[in-house]
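Structure, as structure tokens:
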Amino acid sequence: MRDAAWLAPEKRHIDAWVEWQEAPWGRLRYRLVSHTLSYALRGLGARCRVLDIGGGDGADSVPLAAHGHDVTVLDKSEELLARAAERTGGRLAGRVRTVRADLDELAGREPLVAMRDVGAGYDLVLCHNVLQYRPDLAGTVNTVVRAARPGGVVSLLSPNPAMDVLTTAVRRCDPANAADLLDAETVRSVTFERDMLRVDADDVARALAASACVVTHRFGIRCVTDLIADDERKRDPAFFAELERLELALCEREPFVRMARYWQLLAVRGKGDDPVRNAERER
């Protein structure tokens, strides 16, 4: 049975997702990831092969096609993939392709469905907002790494458990529930109405190391925005611009990266190493 997170989301969930993307905090999240991915692309070449695993509507990866890169978006939802194709505006259609499949198929544990169209050896592999829905952290990281070429870059991003506690205590003024969250294994996704695992970046870094990767960057995505309770003020263009400037300054600065709404890790796959064998040795 496939992980519930990879079942196609219902229309109400997609509508809620689009509304979130268009809100100031959603726009800021994508602006910051666009900035951090510029680090990932340094030294990889002018025309990279990019795979976006669980890429949904391609909001992270399709813009890379405008810079000359070839993008493959992998997702289970037909509607989200259709939205990814729409993002090309017809101009980038030759540089963006979509594949309807999930991580289990990519890992080879399910019958292959269009996976011959995916392949491996990518220069950059994105896996954003996926790990929190996958029970096998090491196995998922291993699968993502195997899609990258030796010397290629992997970008992983998930919600940061620390901000769960901070927003509950500071934004919602609820210290009792904040204390309960300290050791909680899951939290509820409001947008998708599913439980999410609380995935720690340090655990993911260890899984990357076991899969023959070296972490080169850790970023914090939205270090302070979620602590500001006045959401309406975030819709003011002048305030939003100031907030964006601050977040760009904080996203790679300690200790703020440790408190952000999302953590993001960039890692380079080792040359000549087999991530499967390395991961098995660590078990």
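The values are calculated or read from the model by the stated rules, or taken from the named source; none is laboratory data. What you see is a predicted model; the values in this text were computed from it and never measured. Cβ sites come from the backbone with ideal geometry, for glycine too, and all protein chains shown count toward neighbours. What goes into the accessible areas is simple: the full protein's heavy atoms, side chains included, and nothing from ligands, DNA or RNA. Shrake-Rupley method; radii C 1.70, N 1.55, O 1.52, S 1.80 Å.
Looking only at region 193-225, count every residue that is among the acidic types (Asp, Glu) and buried (at least 19 other Cβ atoms within 10 Å of the Cβ) and tell me the total.
First, pick out the residues of region 193-225 that are among the acidic types (Asp, Glu): 193, 195, 200, 202-203.
When the remaining residues are screened for being buried (at least 19 other Cβ atoms within 10 Å of the Cβ), the result is none.
Looking only at that region, the number is 0.
Of everything in region 206-222, what is in a loop (DSSP other than H, G, I, E, B) and closer than 21 Å to residue 259 by Cβ? Give them in sequence order.
So in region 206-222, the residues in a loop (DSSP other than H, G, I, E, B) come out as 211-212, 222.
If the condition is that a residue be in a loop (DSSP other than H, G, I, E, B) and closer than 21 Å to residue 259 by Cβ, then 222 is the only one that fits.
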Original post:
Are there any helices (runs of 4 or more DSSP H) wholly within region 127-189 with 2 or more residues that are farther than 18 Å from residue 200 by Cβ, and if so which?
Top reply: 137-146, 175-181
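If I filter region 103-120 down to residues being open to solvent by less than 30 Å² (accessible area, probe 1.4 Å) and under 20 Å from residue 49 (Cβ atoms), which single residue comes out as modelled with the lowest pLDDT? Let's see the steps before the verdict.
Residues of region 103-120 open to solvent by less than 30 Å² (accessible area, probe 1.4 Å): 103-105, 107, 115, 118.
Applying the additional criterion that residues be under 20 Å from residue 49 (Cβ atoms) yields 103, 105, 107, 115, 118.
Numbers: 103: 85, 105: 82, 107: 76, 115: 58, 118: 82.
In this case the residue turns out to be 115.
To keep it simple, each residue is scored yes or no on (1) open to solvent by less than 30 Å² (accessible area, probe 1.4 Å); (2) part of a strand (DSSP E or B); (3) closer than 23 Å to residue 263 by Cβ; (4) not aliphatic (A, V, I, L, M).
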position: 14; (1), (2), (3), (4): yes, no, no, no
position: 35; (1), (2), (3), (4): no, no, yes, yes
position: 39; (1), (2), (3), (4): no, no, yes, yes
position: 51; (1), (2), (3), (4): yes, yes, yes, no
position: 60; (1), (2), (3), (4): yes, no, yes, yes
Original post:
Are any residues in region 49-71 touching a strand residue (DSSP E or B) at 6+ places or on another chain (Cβ under 7 Å) and over 18 Å from residue 157 (Cβ atoms), and if so, which ones?
Top reply: 49, 65, 69, 70
Original post:
In region 70-102, what residues are under 23 Å from residue 43 (Cα atoms) and crowded, with 22+ Cβ neighbours inside 10 Å?
Top reply: 71, 72, 73, 96
Original post:
Does residue 242 meet the test of being modelled with pLDDT of 95 or more, touching a strand residue (DSSP E or B) at 6+ places or on another chain (Cβ under 7 Å) and among the acidic types (Asp, Glu)?
Top reply: no
**OP:** Being under 20 Å from residue 257 (Cα atoms), of a type in the set (Val, Ile, Thr) and open to solvent by 50 Å² or more (accessible area, probe 1.4 Å) is the filter here, so list the residues in region 133-187 that pass it.
**Re:** 170
Original post:
Counting only residues that are open to solvent by less than 30 Å² (accessible area, probe 1.4 Å) and in a loop (DSSP other than H, G, I, E, B), how many does region 251-269 have?
Top reply: 2
Original post:
Residues in region 62-87 that are in contact (Cβ under 8 Å) with a residue 60 or more places away in the chain and part of a loop (DSSP other than H, G, I, E, B): how many?
Top reply: 2
